[in-house]
Amino acid sequence: MEIIEEDTWVCLEDNRNESKIVKVNEKKMVGWRKHKFDIGVLLHKQYNTFWKVDKTNAVVEISSDQFYDNTDLDNQIDDANIEITKTNKDLFDFNDSQKLTQEEILSLKKQKEGEEIVDEVIQNSKTFEQKTEFSKAKYLKRKKEKYICCFMVLKTTIENVHKTQFLETPQKLNFMRVDSLAFFMQLSSITQNSNILMFDNANGIAVSAVAERLDGEGSISTVFWNHTKSNLRDYWPIQQMNFSEEILKSIKLIKNLEDIEKNENKYTHLLIAGEFKFTEIFEKYLKLVAVGGIIVVFSTYLEKLHEVAEQLLSSGLCGKIDVLDSFMRYHQVLENRTHPKVEMNAFGGYLLQTYKLK
Amino acid sequence: MEIIEEDTWVCLEDNRNESKIVKVNEKKMVGWRKHKFDIGVLLHKQYNTFWKVDKTNAVVEISSDQFYDNTDLDNQIDDANIEITKTNKDLFDFNDSQKLTQEEILSLKKQKEGEEIVDEVIQNSKTFEQKTEFSKAKYLKRKKEKYICCFMVLKTTIENVHKTQFLETPQKLNFMRVDSLAFFMQLSSITQNSNILMFDNANGIAVSAVAERLDGEGSISTVFWNHTKSNLRDYWPIQQMNFSEEILKSIKLIKNLEDIEKNENKYTHLLIAGEFKFTEIFEKYLKLVAVGGIIVVFSTYLEKLHEVAEQLLSSGLCGKIDVLDSFMRYHQVLENRTHPKVEMNAFGGYLLQTYKLK
Amino acid sequence: MIQYGDTMILFEDGKPKQFLTVTQGQTYQNKYGAYHHYTFLVKPGEEILSKNGTGPIYLMTPNPHLITETVPHKTQILFMADISMIILKLCLKPGQRVIESGTGSGSLSCSLAAAVGHKGRLFTYEFNKERANNGKELFAKLKINQATCFWRDVYANGFLKGEDTENQGEFPQESSIDAIFLDLPQPWLALDHSKKMIKKGGRICCFSPCIEQVQKTALELKQQGWKNLETLECLKRHFERRVKQEQSLFDDVQKKVCTDQNKRVTYSAGINQAYGHTGYLTFAQYI
Amino acid sequence: MIQYGDTMILFEDGKPKQFLTVTQGQTYQNKYGAYHHYTFLVKPGEEILSKNGTGPIYLMTPNPHLITETVPHKTQILFMADISMIILKLCLKPGQRVIESGTGSGSLSCSLAAAVGHKGRLFTYEFNKERANNGKELFAKLKINQATCFWRDVYANGFLKGEDTENQGEFPQESSIDAIFLDLPQPWLALDHSKKMIKKGGRICCFSPCIEQVQKTALELKQQGWKNLETLECLKRHFERRVKQEQSLFDDVQKKVCTDQNKRVTYSAGINQAYGHTGYLTFAQYI
């Protein structure tokens, strides 16, 4: 069983299906969900364990049953107003009438555990008993999410590092939805001993994914937009992945653009994630890509990839140029309530891929 | 009960879920599905009736049960290789081994009815009996579609006029998928006494939809791209809709562009369906649109609507400019085999809508 | 010209905001200031300024699309994408007679009524009394005379004139309806009644959020002999313009070489937030 | 440099066409003419001309994405969109041990093997003997040494070493697997066996075309105590460049006035034909 070591980044996934990525150190205070608690408690504990923040803001271990009892991760009901009942008579009384005042609830929070508060709130709901079974379940879910703060501890992965940031500020990832990142990786087909030139202004999420796949066996020369003077460790996805020294050594942060041309061998890949002036990159660096090399560009804007396609086509150096996007949707799978999720991110970005053939 | 009159266009929908739109006249020969038959038989018959082309190429009426027995319209199995069986052992023998030669089948066609040919083909299949129930059903469906030619007769509607053309040559409709046409209508919000200026190079499908809605109570001045010298009746959707004289009178075909400016009142709508140089249209004709008027543009190319949005925005004359597209997919709903259809048209086009506010 | 008593749609900040009935002596107040209603007696769509000359607002003639964007709703309503498909695929045209249940916010009702025009008829049934009354008021306010709203449990009582004396107005006759739209939790319970009302060749559409509802509906439609079943979903997505400062990668390194300084470019960007699902539409024809 | 015995991917007309094993003395023939295999001993991706100097072809190093586009398949295969999501959401990384069933065309297998790298292991099980052999040959040809293909009915026999003597090679141990992928008609029948193999914290993905399969799988996963269930679908769409002749509306009428004569513009156009559905991916974690 693997143990959480000092200085390791871990992913906390909570009972609202939200997450936070933190570094574990002794006596390290973390603020989340209006609580402030000592995450140092997790030191030397196992991954995939469950924790609760109690009324004194102490982090205490709970069982998996206790956790899943307070969460709805497996159901993820999002059908705000979807009901299958014989009639829809009750729908109008959807809002809760709560006897407890805000002040009473606030004072409860200091005296009682989350579960007890949820009980009290339900007992003081004027409408709970009239609700349909389904409405009751949804009501309970919301109250538990509100008053109970529990989470599981997971290893960081490209997926949860991406998800955590994407939920909060997708623009920091250039709106690169998870499927676009997945496509980016598959279209890049990273193999051992690849010698990669990357341009990433998405804070390094793409570089991290590539570096993990390369596993130290090859090299990445990477240019971060407007960050040419920074240290590699300043980019949070790279930090959060707890990369080994070997992997970190394979990433070379280009601080001086002239270094790009000083590479001994030609590049096997030219990968761009995010907004640059693409045309100037290809004007200057396409010649540094080896014959048979792979070119992948991600952009939020189709027009920009169109421009690149025109440029590469007229260069006569590239094979079939693929431009694509994707549609991705999560589904709720519940008895008699199966449907695509209502909440959706409708634009994941666009990708261009081609091979250099001359 | 309404009767099919002389000179009326009707829609034939066949047992492959394909359709053809024809004009019914006495002794009118029609070629379809390698048959040539006299459609005049339908004269003075009822709509929503069912017909079969027999081995002598005569069109004979059949019952609804006979028709639906030879079709799969309600199931529309398209899951080419999707099977739920305990194992997938049988999948490899998917191709049919047929004892009958092509010549034998050809000669059968002259002697026997379609149903009889299907029986013979099945009896001479070496693999039919080994198939799973589901594979048998699919096999039968394909053979029936191939050897039996039957159809129902429907009134023409915008939907089936559009569908018939779209299946065959979508480019003639500028790739305007049915949902884009539906959106175009909804965004245009045609009401009585509208005074509409239209530019339609999609052979008049949009003009037909607008004219049907207007029902003769208002006027449409329409410019067809590159067809300025033609007669209104040359546009097949307009013909096929069997419009009354009143409706036809409400459509004014602009042959001389100067006539656009000679309109007495301002236009309540400026509607564009398909590829023109949009910017020159707005440069010249935006001023002819009344305050509060509705502007809708359909295009296959997002960039072109982007250009229009820029132009209208900088004109300062328009309210919030909406640019949208849509995702539409059909579903197969069958016991234990429910899923979105595999066949899909992934791009329906883009729409722009705004209101003139000055 | 707008008259006193007209109900218009108020545009504020370029977007539809609410219904507004122009009333003598009244004043409308927003963040830009006050607007006397007598300044509203202009042409629809004309710019109206507040007393202090700022914050242009506009009064637009209500049309089906704007009504959908403006109508107040307490529960989920049918949006533009579904409404468009319903009207096109039910093959509605002026003069036809249509049944809808339930009325809900009235958002779809107004579009159905517009599609059948003043020569057509819309009969709309709502189980919830409050919403039935809302529907009646909405039609009165917007002068949609071709629409009648009934307060009725259609599972139990169907669409024909019955014992319930609360409901006024003309009821539809058997086999007289061109199209039926059902947005009910259990549409399969209303199919028998629907079959009674529909003309030969007429069409039905059922809207359901969950696939299990679609499956039950499809099964019942087939068993009752409805034909030409089709199920589809339709989602809309919006684009916006985004202005970008196109900066050269090389500007940053050698501060002197600066190719297209301050070049501003606009791109079409998708608006990420969208509805991933509203419901499935199941169509069938009565042959 | 390409050597005799290497299996490469042949690009013809700018697209991947087939696998080609470079063999001494052989000739490749296409519509452009003949190509001696000895002219293939160049760098991967270099232009190779036929004897008569026409029809450039290219031999590319096989990579997961190209393999998917090239692999011969008799039944439906997993395509790029699903493969990408499977690999990312199973959180595969070098050194991990993965189980797959069935092997099918081997299209996904090659991507899974690439993701776990030469330090990892892929155990892939196929019910159909012919396809199991195809899988073994594919791995040998492409030198994917980290992959082992077994001919096995996993519903009945699971993933551990068993009685079946046909199967050679190292079998996986209990609780030693990081991720499992099931593309089976009834994945729920293999979940018990999967649970036995998976490490704590490990992930599973089931691919199913029909929603009823997804429902049964999800139910069984929950009953067995798998956690963090997620179901998704992912479709890809392609764009192409389209060259248009931008003609003014006014050119046609007054033949003389002609603003931007013969102006050619290229637009991005969507390719209309696309897969509307491949299958649903259901993920879960063993906690």
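Please treat every number below as a calculation from the coordinates, not as lab data. In this text the structure is predicted, and so the values were computed from the model without any measurement. Neighbour counts run over all protein chains shown; Cβ positions are idealised from the backbone, glycine included.
Tell me, what is the FRET efficiency for C:Arg264 and C:Thr39 to the nearest 0.05, using R0 = 35 angstrom and their Cβ-Cβ distance as r? Let's see the in-between values first.
Details: r = 38 Å, r/R0 = 1.08.
Between C:Arg264 and C:Thr39 the formula returns 0.40.
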Exercise for review: Please work out the ratio of the alpha-carbon Rg of the protein assembly as shown to 2.2 N^0.38 Å and round it to two decimals.
Suggested key: 0.98
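What does the net charge come to around B:Gln111 if you take all other residues with beta carbon closer than 14 Å to its beta carbon, with K and R at +1 and D and E at -1? All intermediate terms of the calculation are to be shown ahead of the outcome.
Working: positive: B:Lys55, B:Lys109, B:Lys110, B:Lys112; negative: B:Asp54, B:Glu103, B:Glu104, B:Glu113, B:Glu115, B:Glu116, B:Asp119, B:Glu120.
So the surrounding residues net to -4.
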Review point. Points 7 angstrom from Cα along the Cβ direction at B:Asn25 and B:Glu2: gap in nanometres?
Key: 2.2
Point to revise | Reach of C:Lys31 by Cα under 20 Å, taken over aspartates and glutamates that are not fewer than 8 positions away in the same chain | key: C:Glu12, C:Asp13, C:Glu46, C:Glu47
Practice item. List the lysines whose Cα lies under 19 Å from the Cα of A:Lys262, skipping any in the same chain that are fewer than 8 positions away. Key: A:Lys229, A:Lys249, A:Lys252, A:Lys284, A:Lys287
Exercise for review: Treat every Asp and Glu Cβ in region B:123-259 as -1 and every Lys and Arg Cβ as +1, leave all other atoms uncharged, and give the resulting dipole magnitude about the Cα centre to the nearest 20 debye.
Suggested key: 1120
Review point. Can you give me the relative contact order of region B:91-144 as a percent, contacts being Cα pairs under 8 Å and 6 or more apart?
Key: 44
Review point. GluC sites (Glu not before Pro) within region A:290-358: which are DSSP loop residues with at most 16 other Cβ atoms inside 10 Å?
Key: A:Glu335
Exercise for review: In nm, give the distance between the simple-model label positions of A:Ile105 and D:Leu219, each being 7 Å from the Cα along the Cα-to-Cβ direction.
Suggested key: 3.7
Review point. Relative to the first principal axis of the alpha-carbon coordinates of chain A, what is the inclination of helix A:205-214, with its axis defined by its Cα atoms, in degrees from 0 to 90 and to the nearest 10?
Key: 70
Point to revise | Amide proton proximity set for A:Ala273, modelled H, under 5 Å, gap of 5+ | key: A:Phe199, A:Asp200, A:Asn201, A:Phe298
Check your understanding: Using alpha-carbon pairs under 8 Å, 6+ residues apart, how would you state the relative contact order of region A:288-358 in percent?
Key -> 52
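Let me know the mean shielding of D:206-219 by other chains, meaning the per-residue number of their Cβ atoms within 10 Å of its Cβ.
6
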**Study point:** Magnitude of the charge dipole, chain B, Cβ model with Lys/Arg +1 and Asp/Glu -1, debye to 20
**Key:** 560
Study note, to complete from the structure: Too long for a 21 Å Cα-Cα cut-off, among B:Lys45/B:Lys155; A:Lys304/D:Lys43; A:Lys155/D:Lys227, are A:Lys304/D:Lys43
Point to revise | Compactness of chain C - radius of gyration and Dmax, Cα, Å | key: 24.0, 87
Revision key, fill the gap. Answer in debye to the nearest 20: the dipole magnitude of the protein assembly as shown about its Cα centre, from +1 Lys/Arg and -1 Asp/Glu charges placed on Cβ, is 1700
Point to revise | Nearby aspartates and glutamates by direct alpha-carbon distance to A:Lys27 (threshold 20 angstrom, same-chain neighbours under 8 apart not counted) | key: A:Glu5, A:Glu6, A:Asp7, A:Asp38, A:Asp54, A:Glu61
Review point. In region D:106-214, what is the count of Lys pairs whose alpha carbons are under 27 Å apart, counting only pairs at least 8 residues apart or on separate chains?
Key: 23
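Under a Cβ-Cβ cut-off of 15 Å, what is the net charge of the residues other than B:Asn263 that fall near it, where Lys and Arg count +1 and Asp and Glu count -1?
Details: positive: B:Lys252, B:Lys255, B:Lys262, B:Lys266, B:Lys284, B:Lys287; negative: B:Glu258, B:Asp259, B:Glu261, B:Glu264.
It works out to a net charge of +2.
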Review point. Say each of B:Ile122 and B:Asn231 gets a label point 7 Å from the Cα, pointing the same way as Cα to Cβ; how far apart are those two points in nm?
Key: 5.1
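Using a cut-off of 12 Å between beta-carbons, work out the net charge of the residues near A:Gln123 (Lys and Arg +1, Asp and Glu -1, A:Gln123 not included).
-1
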